[in-house]
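This report refers to the structure that appears directly beneath it.
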């Protein structure tokens with residue numbers, strides 16, 4: 001299914017109009033060298049206050065095995081392809097293994113490169129035209145990010161696109177390109193022998209990031225970034241989007257998004273700036289939900305991450321205080337401020353409960369569960385879950401058990 005987020009948001013932003021405070025701000029918005037929109041602090045806050053974050057997609061029409069699709073079809077990477085590319089030096093930050101690579105040199109233009117080479121399981125070329133790709137390898141995110149981005153999308157929130165890939169052949173890559181700082185005279189394949197048995201490709205939503213020059217966030221490596229903090233969602237005041245915020249917070253608690261620092265989130269403009277310098281389609285979403293589907297653990301007041309652990313996720317609480325509708329979520333202690341034990345409104349609970357119910361009951365034309373398709377497309381059965389291998393059906397069973405704690409809650413939230 002094509003991604004129609006911009007057209008959906010056009011409806012949402014019609015009533016917002018232009019922000020006088022934004023247009024009259026002392027700093028005129030401009031596009032930075034990195035392609036982001038550089039704005040003042042007050043203009044950024046204005047965009048957060050007007051930002052969309054929800055798209056009520058018809059779950060019955062979604063292909064959850066394929067996942068979110070871009071309007072530009074040549075950007076859509078099919079599941080389980082092979083990609084051949086050349087190492088690109090770029091410090092990506094974070095803790096989990098990843099790298100970027102580009103296509104081969106254009107033989108007719110020494111200053112240009114061709115798209116990365118994409119082939120299917122039979123070695124036939126696939127019509128994908130991407131100048132570069134971001135590759136994940138070795139970490140649990142090659143499984144968890146495929147699952148959580150598709151859950152996020154299917155439930156109606158913005159999401160990145162994470163695609164499982166059978167193999168990446170990287171020229172100029174060492175065996176651990178996350179740590180290298182320049183191309184090497186080697187060609188290596190990922191996944192490596194003895195490593196997690198797949199890799200994945202991450203693609204962000206199409207849009208222009210909004211940032212304030214010099215504003216720092218935890219773990220941002222000193223770089224300007226279009227991040228946002230969870231407490232900044234308090235700038236959203238209209239009732240419909242406040243409900244959507246609460247639904248997003250409850251979803252984060254449901255999947256145990258314990259690494260919820262600001263740089264996991266993006267604030268985008270889905271349009272060009274108008275003549276007054278105003279973005280008429282601001283949008284925010286969580287682009288990295290990889291350290292999820294497990295729980296936190298630790299000692300005393302120190303909390304650490306234990307992601308993608310079915311047994312732990314099964315027993316992790318959804319509610320810290322069910323009577324008061326306080327969701328159970330503890331931010332990792334080592335990564336700065338994030339989302340911890342959010343209070344949820346009844347409207348927010350109902351919104352997520354309705355979407356969860358629709359996803360659980362949705363089937364494709366063959367009668368196969370769309371929820372099962374999400375876990376199966378991620379090849380979750382290949383994942384060594386602390387000495388065990390669980391099937392997509394095992395994960396669906398736990399998902400439904402946890403969802404019922406939201407759907408079947410007896411007393412309304414205060």
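The values are calculated or read from the model by the stated rules, or taken from the named source; none is laboratory data. Note that the coordinates shown come from a computational prediction; the quantities given were computed from them, not determined experimentally. Please note: Cβ atoms are built from the backbone with ideal geometry, for glycine as well, and neighbour counts cover all protein chains shown.
Does residue 67 meet the test of being at pLDDT below 95, in contact with a helix residue (DSSP H, G or I) (Cβ under 9 Å, 6 or more places away or on another chain) and buried (at least 16 other Cβ atoms within 10 Å of the Cβ)? When the stated conditions are applied, residue 67 does not pass them. Number of residues in segment 375-394 that are in contact with a strand residue (DSSP E or B) (Cβ under 8 Å, 6 or more places away or on another chain) and at negative phi equals 2. The residues on offer are 292, 237, 225, 243, and the sole one that is outside any strand (DSSP E or B), over 21 Å from the mean Cα position of the chain (by Cα) and either without any contact (Cβ under 8 Å) to a residue 60 or more places away in the chain or at negative phi (or both) is 237.
In contact (Cβ under 8 Å) with a residue 24 or more places away in the chain and on the phi > 0 side of the Ramachandran plot, is that true of residue 138? Considered against the rule, which asks whether it is in contact (Cβ under 8 Å) with a residue 24 or more places away in the chain and on the phi > 0 side of the Ramachandran plot, residue 138 comes out as yes.
Can residue 129 be described as surrounded by fewer than 15 Cβ atoms within 10 Å (Cβ to Cβ), at pLDDT below 95 and either in contact with a helix residue (DSSP H, G or I) (Cβ under 6 Å, 6 or more places away or on another chain) or closer than 30 Å to residue 52 by Cα (or both)? Against the criterion (surrounded by fewer than 15 Cβ atoms within 10 Å (Cβ to Cβ), at pLDDT below 95 and either in contact with a helix residue (DSSP H, G or I) (Cβ under 6 Å, 6 or more places away or on another chain) or closer than 30 Å to residue 52 by Cα (or both)), residue 129 does not qualify.
Applying the criterion of being within 18 Å of residue 132 (Cβ to Cβ) and not in a helix (DSSP H, G or I) to the residues of segment 42-77, the residue that is farthest from the chain's Cα centre (by Cα) is 72.
Looking only at segment 192-204, count how many residues are in contact with a helix residue (DSSP H, G or I) (Cβ under 8 Å, 6 or more places away or on another chain) and either outside any loop (DSSP other than H, G, I, E, B) or surrounded by fewer than 19 Cβ atoms within 10 Å (Cβ to Cβ) (or both). Quick ask: steps written out before the conclusion?
Narrowing segment 192-204 to residues in contact with a helix residue (DSSP H, G or I) (Cβ under 8 Å, 6 or more places away or on another chain): 196-200, 202-203.
Pick out the ones that are also either outside any loop (DSSP other than H, G, I, E, B) or surrounded by fewer than 19 Cβ atoms within 10 Å (Cβ to Cβ) (or both) and you get 197, 199-200, 202-203.
Matching residues across segment 192-204 total 5.
Inspection of segment 148-156 identifies at least one residue that is in a helix (DSSP H, G or I) and either exposed (fewer than 14 other Cβ atoms within 10 Å of the Cβ) or in contact with a helix residue (DSSP H, G or I) (Cβ under 6 Å, 6 or more places away or on another chain) (or both). Scan segment 334-382 for residues that are surrounded by 15 or more Cβ atoms within 10 Å (Cβ to Cβ), in a helix (DSSP H, G or I) and in contact (Cβ under 8 Å) with a residue 24 or more places away in the chain and the total you get is 22. Taking (1) surrounded by fewer than 19 Cβ atoms within 10 Å (Cβ to Cβ); (2) in contact (Cβ under 8 Å) with a residue 40 or more places away in the chain; (3) not in a helix (DSSP H, G or I) in turn, residue 331 satisfies each apart from (1).
Within segment 383-405, the residues that satisfy the criterion of being part of a helix (DSSP H, G or I) and more than 22 Å from the chain's Cα centre (by Cα) are 393, 394, 397, 401, 404, 405. Hey, any hits in segment 344-358 for a residue that's more than 20 Å from residue 250 (Cβ to Cβ) and in contact with a helix residue (DSSP H, G or I) (Cβ under 6 Å, 6 or more places away or on another chain)? No: zero hits.
For residue 89, indicate whether it is under 22 Å from the mean Cα position of the chain (by Cα), surrounded by fewer than 17 Cβ atoms within 10 Å (Cβ to Cβ) and more than 27 Å from residue 308 (Cα to Cα). Here the answer is no, as residue 89 does not meet what is asked. Applying the set (1) touching a helix residue (DSSP H, G or I) at 6+ places or on another chain (Cβ under 7 Å); (2) within 18 Å of residue 232 (Cβ to Cβ); (3) modelled with pLDDT under 90 to residue 331 leaves exactly one unmet item: (1).
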